[in-house]
Amino acid sequence: MEKLKGNLIDILQKKIFPAEIVITDGIITQISEIDETCEHYILPGFIDAHVHIESSMLVPYEFARKAMEHGTVATVSDPHEIANVCGMDGIMYMIENAADAGMSFFFGAPSCVPATSFETAGAVINKDDIEILLAREDILYLSEMMNYPGVLAEDPDIMAKLEFAKKNKKPIDGHAPGLRGAQAAKYISFGISTDHECTEIEEAREKLAYGMKILIREGSAAKNYEALEPLIGEFPEMVMFCSDDKHPDDLMTGHINELVRKSCKKYDMYDVLRIACINPILHYKLPIGYLRAGDRADFIKVADLESWKLLETYVRGQKYVRDGKCILPDKTHKVINHFGISEVSESDFTFADQSAIPWVIKAINGSLITEKVRPENVPSDEVLHICVINRYKKSPVFTGLITGFGKMKGAVASSVAHDSHNIVVVGLDKEDIVAAANLIIKNSGGLSFVHGGIMSSLPLPVAGLMHTLPAEEVALQYQTIDKIVKEQGCTLSAPFMTLSFMALLVIPKIKMSDLGLFDAENFSFL
């Protein structure tokens, strides 16, 4: 038995009172109002309502060690990144690695592996796999249904996946960027209940009117908080916070707590905390407590209601953060991967000439969406080559043109390339592009930058997506290579995060596949 005292924040009753909390075997057995003055505050922990842990470049255990220091007690985690590389084995890897991480990871069944038929992935999760996954108690929902054209066309395989979720009474996550009107209404009518891809307030309000819940996303690449924040005051019962993708350097500085701190300066604190702490529990039926007698003891202590400085984090009644520092022990992690190619050479590439390609991909800082522009409308010194190399088997290398990286010298490459995670390379000349790609291949995955005598890399041995090191070490290596790329002329605030989405074919408007230049609005090759 353990007893704690503090100013308890009852979010649903909208009140604060000094209380003593009694915990027995991980459960809150009693909450008593006391006649004492308490300095700190006790409240339910924060929940990231949609995140791909793989994008932090950390395995779940190491992600938890840092996230809990920011007051996160749980995540709703879609493992489709590693599933695209390693299939069912990848999903099991995430579940196993997270098992003793303290923080609660609630995984979904990846609905779209591969995301499209217009690229080469490392694995397939078919409808039979989905049926198996959704029958498991540790798989809580059907992950984001990215193939919205398939939903609208009522593709039989997709319909089967949706029915498996309904049969098992598990929520279905959505992914429908820019979908409006009758198409949005039809998409939602199949039981698809959330969307984290809204970038404009009117789109979000329309989807809310159809009964869909909206996740306000603020990640490392996609930052939609500023556009969507009025929803906090307008629809506090229908909104959740999420990061979607969080790079290690950003995770060092904050998580959902950043959105809470920012939102409480403008909106009702209880509405903000409902969004951050309660709504995900209710929507996904998470076995997380929110400070009631009989609940699981999942909560945090903060110093005040302005800085929200984290003092302690409890999950299942066990303290994992003391004085703001995680006390989980260091641990070694096994490695799983899927890499099937050897070094490439210049002869493997046919590099595009600016006059020979009708469209140039325009990367936009802080957005997953790209624009489609004519070559003659882009300064020639800001046009780079983009190549996507099949990492799973030897194949022809298709190339295109891209702008938005500034007047960057050299070449950047990454095996974090949503969603199939082939090797994506952006660069100025053949020599650097080939060298950057080969550095990734040599490391069996990771990030790289090459220019002249500069060769920098961050290996990611787990599926070419994650490292086994602690967050602090991975963040330091990431910050080092990120700085080098910016010093060489790249003007993007998060070059590698933006790079990772240039092969994501389910996000408009134009992207690059290992099979060619792709029109993501019409789902066809250009």
Quiz item: Restricting to helices (runs of 4 or more DSSP H) lying wholly in segment 410-502: which have 3 or more residues that are over 22 Å from residue 86 (Cβ atoms) and either assigned by TED's automatic domain parsing to the domain that holds residue 121 or more than 19 Å from the chain's Cα centre (by Cα) (or both)?
Solution: 430-442, 471-487
Quiz item: Looking at (1) of a type in the set (A, V, I, L, M); (2) in contact (Cβ under 8 Å) with a residue 60 or more places away in the chain; (3) surrounded by fewer than 23 Cβ atoms within 10 Å (Cβ to Cβ), can you tell me which one residue 276 breaks?
Solution: (3)
Practice problem: Mind checking which helices (runs of 4 or more DSSP H) fall wholly inside segment 175-254 and carry at least 1 residues that are crowded, with 17+ Cβ neighbours inside 10 Å, at pLDDT 95 or above and within 20 Å of the chain's Cα centre (by Cα)? | Solution: 201-209, 225-228, 248-253
Quiz item: In segment 45-55, which residue that is small (Gly, Ala, Ser) and more than 8 Å from the chain's Cα centre (by Cα) is surrounded by the most Cβ atoms within 10 Å (Cβ to Cβ)?
Solution: 49
Self-check item: Boolean, residue 89 is part of a loop (DSSP other than H, G, I, E, B) and either surrounded by 24 or more Cβ atoms within 10 Å (Cβ to Cβ) or of a type in the set (Asp, Glu) (or both)
Solution: no
Practice problem: Having 2 or more residues that are closer than 21 Å to residue 469 by Cα is the bar; report the strands (runs of 3 or more DSSP E) wholly within segment 30-82 that clear it. | Solution: 72-77
Quiz item: Applying the selection to segment 291-302, what residues are within 16 Å of residue 273 (Cα to Cα) and in contact with a Phe, Trp or Tyr (Cβ under 9 Å, 6 or more places away or on another chain)?
Solution: 291, 298, 299, 300, 301, 302
Quiz item: Would it be correct to say that residue 493 is closer than 26 Å to residue 407 by Cβ and surrounded by fewer than 22 Cβ atoms within 10 Å (Cβ to Cβ)?
Solution: yes
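One line per residue, one yes/no per condition, for (1) modelled with pLDDT under 95; (2) in the same structural domain as residue 121 (by TED's automatic domain parsing); (3) closer than 22 Å to residue 174 by Cα:
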{"site": "23", "(1), (2), (3)": "no, no, no"}
{"site": "51", "(1), (2), (3)": "no, yes, yes"}
{"site": "55", "(1), (2), (3)": "yes, yes, yes"}
{"site": "59", "(1), (2), (3)": "no, yes, no"}
{"site": "62", "(1), (2), (3)": "no, yes, no"}
{"site": "65", "(1), (2), (3)": "no, yes, no"}
{"site": "73", "(1), (2), (3)": "no, yes, no"}
{"site": "99", "(1), (2), (3)": "no, yes, no"}
{"site": "107", "(1), (2), (3)": "no, yes, yes"}
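The values are calculated or read from the model by the stated rules, or taken from the named source; none is laboratory data. Since the structure is predicted, the reported quantities are computational estimates derived from the model, not experimental observations. Positions of Cβ are generated from backbone atoms using ideal geometry, with glycine treated the same way; all protein chains shown enter the neighbour counts.
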